[in-house]
Structure formats: structure tokens, C-alpha cells
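What follows is a set of notes on a single structure, which appears directly below.
What follows draws every value from the coordinates through simple rules; no lab data is involved. Keep in mind that what you see is a predicted model, and the values were worked out from it rather than measured. Every residue, glycine as well, gets a Cβ built from its backbone with ideal geometry; the counts of neighbours run over all protein chains shown.
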Amino acid sequence: MTSSLSQLVKLSPDQRREAVGRLRCQAGVGPAPSAPAAPLIRRTARDAEPPVASHFQEQLLFLHVLHPRSAAYNIPFRARISGSLDIATFSETIARITARHEALRTHLELFDGRTVQRIAPAGRPVVPVTDLSMLAAGERAEALRLAVAAAVHEPFAVRQGPLVRVQLVRLSDSEHELIWVAHHAVADGQSLHALVREIAATYRAVSAAGGPLPPLPVQYADLAAHQRERLTDDRLAAMIEHRRPLLEGAPDFDPPTDLPRPAVQDFAGAMLEFEVPDAVAERLHEAGRKFGATLFMTLFAAYRVLLASWTGQYDLTIGTSVAGRGSPDTDQLIGPLLNVVPTRIAVGSDKTFRSLVEQVRDGISEAMDYQELPLGQLVRGLAPPRDPGRNPLYQTMFDVNECGPGPQALADDLTLTQLPIALEVSQMDVAVVMANELDTLTGRFEYRSALFREETIKALSDAFLRLLAAVGNNPDARVADLLGVVPAPAGVRR
């Protein structure tokens, strides 16, 4: 028996389930293909001129100027801290993390016609503590909900900073909640994974009177400079021209909406969660293995069938997030490395689901060859017709999130556990975000509440679950038969 297997046998059933789920995720069956190994990033000098912003940051500053009061690009994190928390130790923990990551001290501005990063000196950020422990249970829960909502949906001043908010809420002597919110200009979803691990490691170090963690090999500003050096104008132009015939002229996503589309996109949104039954999830895993595809590709193909059935659109572009962390130097870096890669997939009702998965596999693989191409540069290069009521190039997304780090021990009797957050914004008309964690396949629909009522999205979610079950039962089914699993809305022709 191998050492790994012998250790697995010794675990409790719950611990074993968690370990298997994490091994499954780490095996690559969840998210889209990761970035290829990137060249090593070198440190750049910090001189009188501020460091140049990345292409992504440049695009976010442009969007902020268009929508200065929008919270659509806030990255929220919420966690329950159970046990005896020392506030002074936690405050020192946040101070050390902020000092270690330049991105957490950065805001954006224009300098000599360029978008640049202004990095503030390391200081001692204040961690305010809101005490709700004296309230009755019902009042405490409502006050906590309001505190989370206020922090999550308050816009940032991107050209002034700071672009991070940290708050502790005391619920009792042994229960606190951490609310941490950053603007997308300085963090992304993968940054939260690094943040969680670093909180745990730093809190333990502070508690033991230890020194700070070792300096990071590179900072986000180094990565931005590296990106600018690699993506020369000629290289960007060549990448855009390669993608042009695949993406140019693609139709806009045109679902049957409950409400008239506003003239200007407002980003107000909502979300609806769902869970795939374990038996269906296992069959979907098996279907992916049978097709030589990842679980992500299988689920993406099913989502594409759902959209064809719902909208009657057989030719459509869907966005997919990529982590952009192909270099080992970026594993623990907090910063916005994420990019979105649009993939255009045409569905043929006369084909089998297997052939659709193969088509998705090839399309995703082709798109991932160009995942370094910043989305903003692609949009500018293709110059699609602009509609202020729609996102350019694509209006729907599908993602499978990577596994998070799980509960973290800050001390022997102190644990930090990430909690879900109810989103009230949506950058897309409709998006599906799934997670394959702890051997459980879950997901959520994010949608623009200016376009859809909750009951419509609930019906769509139920239809997606039926479709996944049908695919699991017969992975070689004809697409035409799968379309029939989802009732077409009135007025939609297949």
C-alpha cells in the first residue's frame, strides 16, 4: 500500500471525502486548461517613474471612468473565524500581508498619457471591528447581512485608493467574521486562494513572535512590465488577426428576456444556486473520460446545448476565464492575472453530443493558445459594433472554478473558513459558474436583474439539471434529442 493510500485510509469518512474531492480537482477535471509555462519574470526597478499598468488594469480604469459608481468589479471575500481570535495579532497579520503584496497598496492613474500603478508605502492599515455580540440572534444576523452587503457593494475610487477594504465583525467571544473586498484592478479570484493561505501562515508566525514571510520573488508591477515587453504591438496584431476569422461577425447573445433591454447596461444582478446530484456528476465525469475531455469541456458543451434550446441560436460566442498563472513565480501573487477568452461554438442539431464535446475541446484548445491576448486589446482590434446595453463580443460566460484551499488553521483552536456571498451584480446577461469541490458538483446562475425575473432563471436552472442528467444517461445522444429536454420559450424557433 502506498503512503498516500495508507494515509487516506486512516481518515474519517468526512476527511476522506474532502481529500478525494481535492485530489479530483487537482487532477484537472474541473477548470479549463491552465496556462502553459511562461518565461521567468524579472524584477524591475522602482525609480521615480511609476510602474506601467497591465493591459487588464488599463481596461479597468477605462471602465471605471465610464461607470464610476459601479461595484461590478469588486472582488469580495467573506470568512468565519471560529475560536479565540486575538485582534492585535490579526491586525498585524493584515499589515504584514499588505506590506508583502504591492498590489494591495496600489491605485491607478494617468501619467504622461499612460495608465500607471501608484504604489503607496507600506503602512499599518486599520482593521475596524464591529461588535454585534450584544444583539439578539435575529438582530445579529440581520446586522451582519447589512454589514456584508454594505462592504461588498460600495464602489472604490480607482484613481485614488485604497482599493482594499478589511473589516472584522465580532459575533461572540469565539466567533468573528472577516469581510475583505478589493477592486478587480488589484486582485482576482485566484488571489483569494493566496490570501487565505497567507492569512493562516502569517497569523501563526505573528502568534509565535516570528518574522515576516520571505519576500515574494516578483510583484504584480513586475508582471505588468513583463507583459508589456512580451506583447509587442506586432505580436498583439498577429494574435488578433489569427482570432479575427473565428470571432468576427458572431451574433450577439439574444435570449428571450422578461423585461426590455435597457439602453445602457447597469450591472444590477442576482444569482441562483444549484447542485448536481452525485450520481449525475459521476456519470458526467465518466463521459468526459470517455470522450478524452475534461469535465469542464463536457459541462461547457451541455451549457451550449442549453443556450441553443433557450434562444434558438446555434452560433454563439461564450466567454471563459483563465487564471493566467503559468509561471511558478505567480502562484502566491495577489493581483489581477485573470483574462477572459471568447470561444465561438456552432451547434449542429444533427450531430451527437460526443461530437459537440470534441468540437468544444478543439475550440477551447485553440482559444487557449491565445490566452495571453488581453481581452481589451482583442475587443479594440476586432472593433465589433458597440451597444451600450451589451457587453462587447460576448454576453454570456461559462466557468468551472478551481478548488479553493479549504478551512485554514490559524492556531490549534482557531479556524478560518470561507463563506459564500450573495452577489447582486452581473457583468453578463447570463453566466454559469460551477465548482467541483469536495466530490460535489455545484453551480450558480448569475444574471442581469434588469432583464430576467428569478422564476425564469429558476426554470432555466431546472432545465440545465435535466439536460445534465440526460447527457449522463446517454453521452452519445443526438443534440436534437437533447434540445427536446429543454422546453423552448414562446416565440423561440429551433
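How long are the semi-axes of the equivalent ellipsoid of the stretch 410-450, taking √(5λ) for every eigenvalue λ of the Cα gyration tensor, in whole Å from largest down? All intermediate terms of the calculation are to be shown ahead of the outcome.
On the way: eigenvalues 172, 45, 7 Å².
Ellipsoid semi-axes (Å, largest first): 29, 15, 6.
On a C-alpha basis, how far is the centre of the stretch 142-184 from the centre of the stretch 291-315 in Å? Whole number, if you could?
Comparing the Cα centres of the stretch 142-184 and the stretch 291-315, I get a distance of 36 Å.
Dividing the convex hull volume of the alpha carbon atoms of the stretch 287-401 by its residue count, what do you get in Å³ per residue?
132
Please report, in debye to the nearest 20, how large the charge dipole of the chain is about its Cα centre when each Lys and Arg carries +1 at its beta carbon and each Asp and Glu carries -1 there.
Working: 50 positive and 58 negative charges, 82 e Å.
About 400 debye.
What do you get when you divide the Cα radius of gyration of the stretch 85-142 by 2.2 N^0.38 Å, with N the number of residues?
Working: Rg = 17.6 Å, N = 58, 2.2 N^0.38 = 10.3 Å.
Here the Cα radius of gyration is 1.71 times the empirical estimate.
Just from the alpha-carbon atoms, what are the Rg and Dmax of the chain in angstroms?
For the chain, the Cα-based Rg and Dmax read 23.0, 68 Å.
Return, for the Cα atoms of the stretch 268-319, the radius of gyration and Dmax in Å, separated by a comma.
When restricted to Cα atoms, the stretch 268-319 yields Rg and Dmax of 13.3, 40 Å.
Do the sum for the chain: with -39,500 (n - 2.57) for every DSSP H run of n ≥ 4, divided by all residues, what is the mean residue ellipticity at 222 nm, to the nearest 500 deg cm²/dmol?
Counting only the DSSP helices, I get -12000 deg cm²/dmol.
Where the centroid of each part is defined by its Cα atoms, how far is the stretch 356-434 from the stretch 436-450 in Å?
12
Viscosity 0.890 mPa s, temperature 25 °C: what is the translational diffusion coefficient of the stretch 431-492 from Stokes-Einstein with a Kirkwood Rh over Cα pairs, rounded to a whole number of µm²/s? Display every interim value, and only then the final one.
Numbers: Rh = 13.3 Å.
The Stokes-Einstein estimate is 184 µm²/s.
Among the helices of the chain (complete DSSP H runs), which have Cα atoms covering no less than 27 Å along the helix axis and a Kyte-Doolittle mean of at least -1.0? It would help to have the intermediate numbers written out before the result.
Values: long enough: 189-207 (28 Å, 0.24); 454-473 (29 Å, 0.48).
The answer, listed by residue number, is 189-207, 454-473.
Counting only DSSP beta bridges with both residues in the chain, tell me the antiparallel percent, nearest 5.
Values: 58 of 68 bridges.
The answer is about 85 percent antiparallel.
Principal axis extents for the stretch 347-443, Cα atoms only, whole Å, descending order, please.
Ordered largest first, the stretch 347-443 gives principal extents of 56, 37, 26 Å.
Once the Cα atoms of the stretch 68-182 are picked out, what are the Rg and Dmax in Å?
Radius of gyration, then largest Cα-Cα span, for the stretch 68-182: 16.1, 56 Å.
Between LEU66 and ARG228, what FRET efficiency comes out of the Förster formula 1/(1 + (r/R0)^6) with R0 = 30 Å and r the beta carbon distance, rounded to 0.05?
On the way: r = 23 Å, r/R0 = 0.78.
Rounded to the nearest 0.05, the efficiency is 0.80.
Can you give the net charge of the other residues whose Cβ lies under 13 Å from the Cβ of GLU177, counting K and R as +1 and D and E as -1?
On the way: positive: ARG78, ARG80, ARG140, ARG145, ARG170; negative: ASP131, GLU175.
Computed value for this residue: +3.
Please work out the FRET efficiency for the pair GLU139 and ALA411, using the Cβ-Cβ distance as r and a Förster radius of 41 Å; give the result to the nearest 0.05. Each step should come with its number before you reach the end.
Values: r = 30 Å, r/R0 = 0.73.
E between GLU139 and ALA411, to the nearest 0.05, is 0.85.
Dividing the alpha-carbon Rg of the stretch 369-494 by 2.2 N^0.38 Å yields what? Walk me through the numbers before you get to the answer.
Values: Rg = 19.1 Å, N = 126, 2.2 N^0.38 = 13.8 Å.
Taking N as the residue count of the stretch 369-494, the ratio is 1.38.
Quick check: the distance between the Cα centres of the stretch 243-281 and the stretch 189-227, to the nearest angstrom?
35
Collect residues whose amide H, placed 1.01 Å from N in the peptide plane, falls under 5 Å from the amide H of GLN395; neighbours closer than 5 in sequence don't count.
PHE253
Mind running the shape call on the stretch 154-285? Use the C-alpha gyration tensor, a ≥ b ≥ c as the square roots of the eigenvalues: rounded below 1.5 for a/c, prolate if a/b tops b/c, oblate otherwise. Mind showing how you got there, number by number?
Values: a/c = 1.78, a/b = 1.29, b/c = 1.38.
Oblate.
How high is the relative contact order of the chain? Use alpha-carbon pairs under 8 Å, at least six apart in sequence, and give a whole percent.
Relative contact order, the chain: 24 percent.
Taking 0.36 nm per residue of sequence separation and subtracting the Cα-Cα distance, how much length would be gained by fully extending the chain between GLU109 and GLU273, in nm to one decimal?
Values: separation 164, 0.36 × 164 = 59.04 nm, distance 3.76 nm.
Fully extending the segment from GLU109 to GLU273 adds 55.3 nm.
For a Förster distance of 60 Å, can you work out the FRET efficiency between the beta-carbons of ALA477 and ALA209, rounded to the nearest 0.05? Please list the in-between numbers first.
Working: r = 63 Å, r/R0 = 1.04.
The pair ALA477/ALA209 has a calculated efficiency of 0.45.
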